[in-house]
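Only the coordinates and a few stated rules stand behind these numbers; no lab work does. Quantities reported herein were computed from a predicted structural model and do not represent experimental measurements. A quick note on method: Cβ atoms are made from the backbone with ideal geometry, for glycine too, and the neighbour counts reach across all protein chains shown.
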Amino acid sequence: MIEVTHLSKSYGSIAAVRDLSFTVERGDVVGFLGPNGAGKSTTLRILAGFLGMTSGTVCIAGHDVALERKQALSRLGYMPEACPLYPELKVGEYLRFRAELKGVPRRARQAEVGRVLELARVDDYAEVVIGHLSKGYRQRVGIADALLGSPPLLILDEPTAGLDPNQIREVRALVRSLGGKHTVLVSTHILTEVELACTRAIVIDRGRLVAEGSIDEIRRAGGRGRVALTVRGSESEVRRVCEARSEHVVECEAIAASGTARLVVAAPEEELAEHTEELVRALTVAGLGVREVVPAMATLEQVFAELTRDAAVAREAPKRAEPERP
Amino acid sequence: MTGFFAIWKREVFSYFVTPLAWVTTTAFLVLQGLHFYLIVASFAGQLDLSADAGPVQTFFGQTVMLYLPLLFVCPVLTMRSFAEERRSGTIEPLLTAPVGTVSVVLAKYLAVLATYVAMWAPTVGYMLVLGRYGELDWNVVAAGYAAVLAVGAGYLAIGTMTSAMTKSQLAAAIASAMAIMGLFMLGLGEFIFAEGPLRDVASHVSVWTQMNDFARGIVDSRRLVFDASVVVLPLFITVRAVESWRLE
Ligand SMILES: Nc1ncnc2c1ncn2[C@@H]1O[C@H](COP(=O)(O)OP(=O)(O)O)[C@@H](O)[C@H]1O
Ligand SMILES: [Mg+2]
């Protein structure tokens, strides 16, 4: 559905996207992830035909965006970042305008607007002036707009940015529900979002591809296995033992109620057993009781931090030789 | 041309929901009404109204009262066109809809042109009043309006162009007002320069002379060719500017 090959984009001397290649298959709901400034919006704007690329090619449903612009654009529904709308129009008026613009035939227009109003759950607001809507509702109008004409591909740029938790949950559910009928590419800098709404993810950092695959593949992409330990003993004692091994003990939190602490060891798979054994020995020698040792799953947050860390370390190298781990 | 009519309708609608539009239109009509009243009052004593110097001729020609409003009205009409859409970001959904750049530019331009025509429409009432109380040469009236349309069409095209050059409505308005002013001044060169090519050029582009000629029913096609080029060239530049945003 989307084929991006060797895509680069510079704003003057700033390289926002560098040699990016990825594909999105029909029917996938793909999260497009990256920290702020990673180049997500730039990439999506190029996919949607709003910006030209410096080099590389983008194909939407088999049509090159640069060469067959209209064919490519008529197959995608795009919601830009921050979802800009005309404040003076009513929701219904706006969507009828957009439907006409997208070539929905006159006779089908009213029904189509009704359909997307309902899908995006803004049917009660058709007669409300857009300028009076809350951010959450404006975002939904943007999604309704993207759905007009039922394009096979939807590209949504940060549809949950700036919303409150309830709205985020609703928009996320909406995105997930679109998965059956559309291919969806949705950008975000929030990881849980991808876990909850997407089947696959593409991770970029500073314009470069960092990881691509199913959520499980991404999780493993960090390349570090994890083991969680439950330890009985005073918090200060546990911390003292852990601090000496801060490179591998990535988490250490006291659970006050039970007088225990939870530790997480993270290391490359082949060294994990060795480090775990060493830590257990150190804890035992210190008179602390190891109650439980279980394999742990990295959260996407952690993987993301690890995936984007190398770049960050490189960037900050002159200031700080050894990055601190939390 | 898909989407052309949709954009045109929205542009006209959006213009008339802004208070600035009503203020401008009202001020324009009040000024023109006053202008007309003064002319009629000054002609009231005269019995012999020749074809060369009647109230209609004075309304369209031989007065700066016609250009002053144009100088303000045209920049105000056009300043929003692209600048506001770029400032607010709505240009992004607009240009990612499957519509061509030429459609977008023409729809926006023809929307301001239609608004401009709508602003002048009530002044036809003055002509009807004149027609009731005296001899009125409708050919002269038609030529006068043709000149108003031809000159305004060029000014609006210039305004559309400057609106595509900046994200600030104010900057767009100032830039187009200055360009229009410059064009007007260039025409005044007709009265300043000595006989020669410079003066020929100046008289060719002179809006002042054009209005005077048209107001006397003299429609020179060379004038219209010049007016058309003042429409086409800025619009061509606008199309190129809109396309270049994608590459910036
Ligand atoms: N119009 C622009 N002009 C210059 N630099 C830009 C422009 N838009 C984005 N950038 C820069 O490009 C980089 C990527 O931006 P963006 O694509 O918006 O990232 P994201 O959406 O992932 O936060 C940033 O460093 C940003 O400052
Ligand atoms: Mg962004």
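Dipole size of the range A:2-220 about its Cα centre, with +1 on Lys/Arg Cβ and -1 on Asp/Glu Cβ: approximately 320 debye, rounded to the nearest 20. When only the Cβ of Lys, Arg, Asp and Glu is charged (+1, +1, -1, -1), the dipole of the protein assembly as shown relative to its Cα centre reaches about 640 debye. Between 0 and 90 degrees, the angle of helix A:91-101 with respect to the longest Cα principal axis of chain A falls at about 70 degrees. Take B:169-175, A:88-94 and order them by the average number of nearby Cβ atoms within 10 Å per residue, most first; the result is A:88-94, B:169-175.
Diffusion of the range A:2-220 by Stokes-Einstein, at 20 °C in a medium of 1.002 mPa s and with Rh set to the Kirkwood radius over alpha-carbon pairs, works out to 122 µm²/s. Within chain A, antiparallel bridges make up roughly 70 percent of the DSSP beta bridges whose residues both belong there. Among the DSSP helices (H) of chain B, those spanning at least 27 angstrom by Cα along their long axis with an average Kyte-Doolittle hydropathy of -0.5 or more are B:19-43, B:101-120, B:138-163, B:169-192, B:221-245; this is a geometric and hydropathy rule only.
Which is farthest toward the positive dipole end of the range A:2-220 among A:Pro105, A:Ala72, A:Leu191, measuring Cα position about the Cα centre, with Cβ charges +1 (Lys, Arg) and -1 (Asp, Glu)? Positive-end residue among those listed: A:Pro105.
DSSP bridge analysis restricted to the protein assembly as shown gives an antiparallel fraction near 70%, rounded to the nearest 5. The peptide list A:130-141, A:4-15, put in order of mean Cβ contacts within 10 Å with the highest first, becomes A:130-141, A:4-15.
Our note on the geometry: Cα centres of the range A:117-181 and the range A:12-29, 24 Å apart. Distance between the modelled labels on A:Arg169 and B:Ala194, one decimal in nanometres: 8.7 nm (7 Å Cα→Cβ projection).
The range A:62-108 and the range B:134-199 have Cα centres spaced 36 Å apart. Taking every lysine pair in the range A:2-220 that is 8 or more places apart or spans two chains, those with Cα atoms closer than 30 Å amount to 16.
Sorting B:Arg223, A:Arg224, A:Arg115 from the fewest to the most surrounding beta carbons within 10 angstrom yields A:Arg115, A:Arg224, B:Arg223. Ordering A:Glu193, A:Glu292 from the fewest to the most neighbouring beta carbons within 10 Å gives A:Glu292, A:Glu193.
Per-peptide packing, taken as the mean over residues of other Cβ atoms within 10 Å, places A:144-153, A:241-250, B:201-210 in the sequence A:144-153, B:201-210, A:241-250 from highest down. Legend: mean number of C-beta atoms from other chains within 10 angstrom of residue C-beta atoms, peptide A:79-88, equals 5. Relative to the dominant Cα principal axis of chain A, helix A:300-316 is inclined by about 80°.
Charging the Cβ of each Asp and Glu at -1 and of each Lys and Arg at +1, and nothing else, the dipole of the range A:20-84 about its Cα centre rounds to 140 debye. Once the Cα atoms are used to define both axes, helix A:165-178 deviates from the longest principal axis of chain A by about 70 degrees. Given R0 = 51 Å, the distance between the Cβ atoms of B:Lys9 and A:Glu301 translates into a calculated FRET efficiency of 0.60.
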